[in-house]
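The values are calculated or read from the model by the stated rules, or taken from the named source; none is laboratory data. For clarity, every value in this text was computed on a predicted model and none was experimentally measured. All Cβ positions, even for glycine, are placed from backbone atoms using ideal geometry, and neighbour counts span all protein chains on display. Just so you know, the surface numbers come from the protein's heavy atoms only, side chains and all, with ligands and any DNA or RNA stripped out. Shrake-Rupley method; radii C 1.70, N 1.55, O 1.52, S 1.80 Å.
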Amino acid sequence: VQLQASGGGLVQAGGSLRLSCVASGRTFSSYVMAWFRQAPGKEREFVTGIRWSDGSTYYADFAKGRFTISRDNAKNTVYLRMNSLKPEDTAVYYCAADRTPFVLSTDSTYDYWGQGTQVTVSS
(Lines give C-alpha, C1' and ligand atoms only; values in the text may rest on other atoms or scores of the structure.)
Protein backbone atom coordinates (compact mmCIF):
# COMPACT_ATOMS: atom_id res chain seq x y z
CA VAL A 1 0.00 0.00 0.00
CA GLN A 2 1.28 3.42 -0.95
CA LEU A 3 -0.21 6.69 0.23
CA GLN A 4 0.67 10.01 -1.33
CA ALA A 5 -0.48 13.13 0.49
CA SER A 6 -0.50 16.58 -1.03
CA GLY A 7 -2.23 19.94 -0.88
CA GLY A 8 -0.60 21.58 2.09
CA GLY A 9 0.63 25.13 2.08
CA LEU A 10 0.58 28.51 3.73
CA VAL A 11 -2.79 30.10 4.37
CA GLN A 12 -4.07 32.98 6.45
CA ALA A 13 -6.28 32.40 9.45
CA GLY A 14 -9.85 31.94 8.34
CA GLY A 15 -8.80 30.47 5.03
CA SER A 16 -9.28 27.02 3.57
CA LEU A 17 -7.21 24.19 2.18
CA ARG A 18 -7.98 20.82 0.67
CA LEU A 19 -5.59 17.97 1.23
CA SER A 20 -5.53 14.90 -0.96
CA CYS A 21 -4.32 11.38 -0.29
CA VAL A 22 -3.97 9.07 -3.25
CA ALA A 23 -3.94 5.41 -2.30
CA SER A 24 -2.53 2.63 -4.43
CA GLY A 25 -1.39 -0.95 -4.18
CA ARG A 26 -4.60 -2.81 -3.49
CA THR A 27 -8.35 -2.58 -3.22
CA PHE A 28 -9.40 -0.40 -0.34
CA SER A 29 -13.04 -1.35 0.07
CA SER A 30 -12.33 -2.96 3.45
CA TYR A 31 -10.05 -0.20 4.69
CA VAL A 32 -10.36 2.82 6.89
CA MET A 33 -8.54 5.94 5.78
CA ALA A 34 -7.63 8.61 8.28
CA TRP A 35 -5.89 11.92 8.68
CA PHE A 36 -3.57 12.68 11.57
CA ARG A 37 -1.52 15.74 12.28
CA GLN A 38 1.59 16.57 14.26
CA ALA A 39 2.53 20.05 15.37
CA PRO A 40 6.07 20.92 16.43
CA GLY A 41 6.80 19.61 19.89
CA LYS A 42 3.50 17.77 20.13
CA GLU A 43 2.36 14.22 19.69
CA ARG A 44 0.61 13.11 16.56
CA GLU A 45 -3.14 13.42 16.91
CA PHE A 46 -6.15 12.04 15.11
CA VAL A 47 -8.11 14.44 12.93
CA THR A 48 -10.71 12.39 11.09
CA GLY A 49 -11.32 9.06 9.42
CA ILE A 50 -13.61 7.48 6.86
CA ARG A 51 -14.64 3.93 6.23
CA TRP A 52 -14.11 3.28 2.58
CA SER A 53 -16.94 0.77 2.22
CA ASP A 54 -19.83 2.98 3.24
CA GLY A 55 -18.35 6.45 3.70
CA SER A 56 -19.10 6.66 7.41
CA THR A 57 -16.94 9.23 9.13
CA TYR A 58 -15.60 10.15 12.53
CA TYR A 59 -14.08 13.44 13.64
CA ALA A 60 -11.99 14.69 16.49
CA ASP A 61 -13.83 17.35 18.45
CA PHE A 62 -11.63 20.16 17.17
CA ALA A 63 -12.38 19.15 13.58
CA LYS A 64 -16.15 18.98 13.82
CA GLY A 65 -17.86 21.70 11.84
CA ARG A 66 -14.65 22.92 10.19
CA PHE A 67 -13.10 19.88 8.54
CA THR A 68 -14.70 17.42 6.12
CA ILE A 69 -13.31 14.11 4.97
CA SER A 70 -14.53 12.55 1.76
CA ARG A 71 -13.48 9.93 -0.75
CA ASP A 72 -13.52 9.41 -4.47
CA ASN A 73 -13.72 5.72 -5.21
CA ALA A 74 -12.86 6.10 -8.87
CA LYS A 75 -9.66 7.96 -8.05
CA ASN A 76 -8.75 5.99 -4.91
CA THR A 77 -8.37 9.35 -3.24
CA VAL A 78 -9.36 10.68 0.15
CA TYR A 79 -9.75 14.40 0.72
CA LEU A 80 -9.60 16.59 3.77
CA ARG A 81 -11.32 19.90 3.33
CA MET A 82 -10.33 22.34 6.05
CA ASN A 83 -12.24 25.57 6.52
CA SER A 84 -11.92 28.41 9.02
CA LEU A 85 -8.32 27.50 9.63
CA LYS A 86 -6.63 28.70 12.81
CA PRO A 87 -2.95 29.15 13.65
CA GLU A 88 -3.24 26.17 15.99
CA ASP A 89 -4.06 24.00 12.98
CA THR A 90 -0.47 24.44 11.85
CA ALA A 91 1.05 20.96 11.61
CA VAL A 92 2.26 18.26 9.30
CA TYR A 93 -0.79 16.33 8.14
CA TYR A 94 -0.51 12.63 7.44
CA CYS A 95 -2.89 10.24 5.79
CA ALA A 96 -3.04 6.69 7.07
CA ALA A 97 -4.76 3.44 6.19
CA ASP A 98 -5.65 0.25 7.93
CA ARG A 99 -7.72 -2.79 7.18
CA THR A 100 -10.23 -2.48 9.96
CA PRO A 101 -14.02 -2.25 10.15
CA PHE A 102 -13.93 0.76 12.44
CA VAL A 103 -12.45 4.23 12.37
CA LEU A 104 -10.00 4.30 15.26
CA SER A 105 -8.22 7.34 16.61
CA THR A 106 -5.04 5.62 17.81
CA ASP A 107 -2.17 6.10 15.40
CA SER A 108 -0.55 2.78 16.28
CA THR A 109 -3.59 1.08 14.77
CA TYR A 110 -2.67 2.16 11.27
CA ASP A 111 -0.23 0.12 9.25
CA TYR A 112 0.24 2.42 6.29
CA TRP A 113 1.25 6.07 6.24
CA GLY A 114 1.80 8.76 3.69
CA GLN A 115 4.77 11.10 3.81
CA GLY A 116 2.94 14.09 5.29
CA THR A 117 2.15 17.53 3.96
CA GLN A 118 2.85 20.77 5.81
CA VAL A 119 -0.02 23.10 6.65
CA THR A 120 0.91 26.51 8.02
CA VAL A 121 -1.75 28.97 9.13
CA SER A 122 -0.61 32.52 9.71
CA SER A 123 -2.37 34.89 12.08
For region 16-123, state which chymotrypsin sites (Phe, Trp or Tyr not before Pro) are in a DSSP loop and have at most 14 other beta carbons lying within 10 Å of their beta carbon. F102
For A39, what charge total do you get from the other residues with a beta carbon under 11 Å from its beta carbon, if Lys and Arg give +1 and Asp and Glu give -1? -1
Most mobile listed residue (T27, T90, T48) in the chain, GNM with C-alpha springs under 10 Å: T27
Can you pull the accessible area of L104 for me, 1.4 Å probe, Å² to the nearest 10? 70 Å²
Bin all alpha-carbon pair distances of region 6-57 at 10 Å intervals from 0 and give each bin's fraction as a whole percent. 19, 42, 31, 8
Interchain or sequence-distant (5+) residues whose placed amide H lies within less than 5 Å of the amide H of L85 are G14, G15
Between D61 and E88, what is the spin-label point distance in nm, taking each point 7 Å from the Cα along the Cα→C-beta axis? 1.1 nm
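Using 1/(1 + (r/R0)^6) with R0 = 30 angstrom and r between the beta carbons of T109 and Q12, what's the FRET efficiency to the nearest 0.05?
After rounding to 0.05, the efficiency reads 0.30.
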Radius, Kirkwood style, for the chain when every pair of distinct Cα atoms is counted (Å): 14.1 Å
Taking only C-alpha pairs under 8 Å that are 6+ residues apart, what is the relative contact order of the chain in percent? 36 percent
Based only on Cα atoms, what Rg/Rh ratio does region 34-95 have, Rh being taken as Kirkwood's radius? 0.98
Quantify, in whole percent, the carbon and sulfur part of the accessible surface of the chain (1.4 Å probe; protein heavy atoms only). 45 percent
Which value, in Å², gives the accessible area per residue of the chain when a 1.4 Å probe is used on the protein heavy atoms? 50 Å²
